[in-house]
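In what follows, a structure is listed as structure tokens, so that the remarks can point back to it.
The values are calculated or read from the model by the stated rules, or taken from the named source; none is laboratory data. Quantities reported herein were computed from a predicted structural model and do not represent experimental measurements. Virtual Cβ from ideal backbone geometry, glycine too; neighbours counted across all protein chains shown. When the accessible area is computed, the model is the full protein with side chains, heavy atoms only, and any ligands, DNA or RNA have been set aside. Shrake-Rupley method; radii C 1.70, N 1.55, O 1.52, S 1.80 Å.
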Amino acid sequence: MIRFLAYRLLSAIPVLFVVSLVTFLIMWLVPGDISAEIGGIDATPADLAAIRERLGLDRPLWERALNWYGALFQGDLGQSYTLNRSVLGAVMERLPVTLSLAAIALMLATLMGMLLGILASVRHNTWLDQGAMVTALIGLSIPDFWFGIVMIILFGVWLGWLPTGGFVPLSEDPVGWARSMVLPSLTLAITQMGVIARMTRSAMLDVLGQDYIRTARAKGMRARTVIFRHGLRNAMIPIITVVGVLSGVLLSGAVVIETVFSLPGVGRLIIGAIQRRDFPIIQGGLLITACVFVFVNILVDMAYAWFDPRGRDDS
Amino acid sequence: MTAEANPDTLSIGQEIKLARRRRRLTFARRLLTHPSFLVGFVILVLFTLTALLADVLAPYGPTKINYRSILAPPSAEFWFGTDAYGRDVLSRVIYGTRVSLRIGVFVVVMTGILGTLLGTLASYVKWLDGLIMRSLDGLMAFPGVLLAIALAAALGPSEVNAIIALTVTFTPRTARIVRASVIVVQGMQFIEAAHAVGASHARVIFRYILANALSPLIVQLTFVFAVSIVAEAILSFLGVGPPPPAPSLGNIIADGRSNIQEAWWIAVFPGLIIAVAVLGLNLMGDGLRDILDPRHSGARDKT
């Protein structure tokens with residue numbers, strides 16, 4: 001297990017290298033002169049030159065890359081152009097909101113998806129199966145950010161049950177926090193549960209067709225025990241793989257959904273930075289989110305190895 | 001039919017030709033009798049027709065401002081209502097399908113070409129394999145459409161840049177799928193046979209390997225099409241897609257977000273159209289996979 005973890009951590013290094021390189025190069029893609037945008041209309045040529053020098057924009061690309069990596073290894077992602085603070089601080093401050101939103105949505109999606117999938121597989125080829133799969137497919141086809149808007153119209157504007165947006169920190173008011181998180185996390189969960197539902201169904205159908213399930217049933221074991229202990233447990237591995245993929249989809253979904261529900265997470269930070277052309281924040285937000293995703297994937301692989309001892313050693 | 005009944009009277013050439021035709025026919029029949037493929041296909045055709053015939057179908061111009069009917073709810077005159085500038089939402093949605101279709105088609109074509117190129121190269125040229133695959137792994141480490149958002153933000157909001165950003169985002173997984181299926185085909189005996197009878201590398205790659213590795217690619221590209229339509233809407237919604245007043249579906253939804261308290265119809269209708277189009281493509285993809293690639297039916301991932 002330890003060896004497997006070490007191997008997974010090592011193999012993340014080239015990935016992180018490409019991630020950081022791409023993040024650096026994005027800045028270089030920006031057409032035109034960034035200093036003119038930072039300086040504004042009134043800036044004199046001398047001001048612009050000063051801005052370029054301060055940001056290192058007058059240096060050749062390779063030198064800027066070296067500086068970027070040099071700073072990166074010291075945990076320095078640069079200074080925001082507009083927020084007057086360090087990028088790392090700004091991103092880290094917002095990260096918990098995004099992570100909690102994605103995590104709650106992942107739990108809800110896994111729960112609802114597995115329920116739908118188990119139901120469909122146990123009642124295979126009945127209207128329940130069909131209904132569950134149609135629900136899953138419709139959920140998959142709905143754009144999540146739009147579904148969020150529909151939820152706001154429905155529960156916020158028309159029924160008035162829940163706030164139409166905004167955020168209350170958990171530490172200040174747990175009930176208010178829950179109320180502000182319900183709609184965004186449900187939105188994400190409903191639009192993503194289909195992936196899990198379909199995978200659970202097909203994995204369960206595979207397992208339920210096995211001989212040992214028939215044996216378990218034949219010796220008179222309770223249906224619930226057969227389905228959960230013998231069926232679901234052996235169907236977990238493909239489901240975990242999908243949960244891993246989904247964690248990335250939900251991270252990116254959370255980033256977009258935050259904008260819809262006005263939640264102060266990394267997503268809204270990035271989108272706001274795009275509007276203000278604050279590129280270091282965009283870079284930092286992108287880099288940190290990707291790192292979180294890489295880390296989550298390692299966790300998923302560990303869970304995978306835990307559930308299926310066969311994969312542990314042959315790395 | 002008579003020819004099929006007594007195959008003894010046919011030459012080998014005729015027999016092969018007949019078998020090929022029969023295979024094509026059964027393939028088309030299996031597609032068109034597959035219920036989910038058929039439903040999806042009809043939806044895609046309707047979507048495409050709407051986009052192509054926008055000039056005929058749209059009752060008003062997509063950017064025509066009408067100050068006498070601002071934020072009018074759906075009525076006989078404006079089926080989908082009007083927005084804050086009095087523009088007809090129905091007409092904007094109809095023209096919006098054009099933007100979605102254009103972006104979807106370009107992204108699918110470019111992703112298909114780049115993915116095939118990189119995937120084949122990686123599986124064929126051993127020393128490039130590691131480099132290509134690790135780079136693609138790195139690109140796939142950016143969750144979802146986040147990379148596309150950042151790329152589009154850096155390049156500037158435009159349709160072409162949206163296409164570039166989405167192609168870069170969707171190519172890695174596609175290349176991976178091509179590589180995986182090419183490697184499977186490479187190990188098959190008929191490839192060895194083709195090499196043995198002296199077929200050139202190019203002929204082996206195009207005529208045998210790619211032709212036989214095509215199925216997963218086609219299925220994947222159907223899903224890329226679906227995801228691009230959603231991703232275009234996300235980019236536009238966030239302000240890094242084709243800039244307003246262009247009637248892209250995401251732009252219309254963004255207008256709807258700013259008028260969410262008083263005009264639900266602006267956001268709701270374009271999103272419904274996206275959902276239906278994506279549902280159609282998902283159904284088509286599922287159907288294609290059932291028929292082309294029976295091993296992998298069931299679940300899939302969303303990128």
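Might you report the magnitude of the Cβ-based charge dipole of the stretch B:28-302 about its Cα centre, with Lys and Arg at +1 and Asp and Glu at -1, to the nearest 20 debye? Working shown, then result.
On the way: 20 positive and 15 negative charges, 119 e Å.
In debye, rounded to 20, the stretch B:28-302 gives about 580.
Loop-located chymotrypsin sites (Phe, Trp or Tyr not before Pro) in the stretch A:125-234 (DSSP state other than H, G, I, E, B) with a sparse environment of at most 13 neighbouring Cβ atoms within 10 Å: A:Trp161.
Here B:Asn212 and A:Gln210 are evaluated by their C-beta separation; at R0 = 25 Å the FRET efficiency comes out at 0.20.
Relative contact order of the stretch A:89-314: 28 percent, from C-alpha pairs under 8 Å at least 6 residues apart in sequence.
Within the stretch A:35-76, the percentage of alpha carbon pairs spaced more than 17 angstrom apart rounds to 42%.
Could you tell me which of B:Phe225, B:Thr171, B:Ser236 has its Cα farthest along the dipole of the stretch B:148-303 towards the positive end, charges placed at Cβ (Lys, Arg +1; Asp, Glu -1), taken about the Cα centre? Result: B:Thr171, furthest along the dipole toward the positive end.
By how many nm would the segment from A:Thr44 to A:Leu111 grow when fully extended, if each residue of separation counts as 0.36 nm and the alpha-carbon distance is taken off?
Values: separation 67, 0.36 × 67 = 24.12 nm, distance 5.91 nm.
This chain segment gains 18.2 nm when fully extended.
Computed with a 1.4 angstrom probe on protein heavy atoms, the B-A interface buries about 4200 square angstrom of accessible area in total.
Could you give the DSSP H helices of chain A that reach 24 angstrom or more along their long axis (alpha carbon positions) and whose average Kyte-Doolittle hydropathy is no lower than 0.5?
The answer, listed by residue number, is A:2-29, A:87-122, A:174-208, A:233-261, A:279-307.
Interface residues of the stretch B:247-261, defined as those with an accessible-area decrease of at least 50 Å² between the chain by itself and the complete set of protein chains (probe 1.4 Å), are B:Arg257, B:Ile260, B:Gln261. With helices as the sole contributors, the protein assembly as shown gives -24000 deg cm²/dmol at 222 nm; each DSSP H run of n ≥ 4 counts as -39500 (n - 2.57), and the sum is divided by every residue.
Assuming R0 = 56 Å, can you tell me the calculated FRET efficiency for the pair A:Arg229 and B:Ala199, based on Cβ-Cβ distance, to the nearest 0.05? Numbers along the way, then the final one.
On the way: r = 54 Å, r/R0 = 0.97.
The formula returns an efficiency of 0.55 here.
The stretch B:185-289: which GluC sites (Glu not before Pro) are DSSP loop and have at most 15 other beta-carbon atoms within 10 angstrom? The partial results should precede the final answer.
Values: sites: B:Glu192, B:Glu232, B:Glu262; in loops: B:Glu262.
Those that pass, being in a loop and sparsely packed, are B:Glu262.
Accessible area ranking (1.4 Å probe, heavy atoms, ligands and nucleic acids excluded), largest first, for A:Trp68, A:Trp306: A:Trp306, A:Trp68.
Report, in order of residue number, the helices in chain B meeting two criteria: a C-alpha extent of 18 Å or more along the helix axis, and a mean Kyte-Doolittle hydropathy of at least 0.5; treat each whole DSSP H run as one helix.
Membrane-span-like by this criterion, though nothing is claimed about a membrane: B:35-52, B:89-124, B:159-186, B:211-238, B:264-292.
Suppose we take every Cα in the stretch A:89-314 and form the convex hull; what volume per residue is that in Å³?
Numbers: hull volume 35.1 nm³, N = 226.
In the stretch A:89-314, the Cα hull volume divided by residue count equals 155 Å³.
Here the stretch B:28-302 was treated as a single set of alpha-carbon atoms; its pair distances binned every 5 Å from 0 give 1, 6, 11, 14, 15, 14, 12, 9, 7, 4, 3, 2, 1, 0, 0, 0 percent.
Relative contact order for the stretch B:28-302 using alpha-carbon pairs under 8 Å, separation at least 6, rounded to a whole percent? Answer for the stretch B:28-302 is 26 percent.
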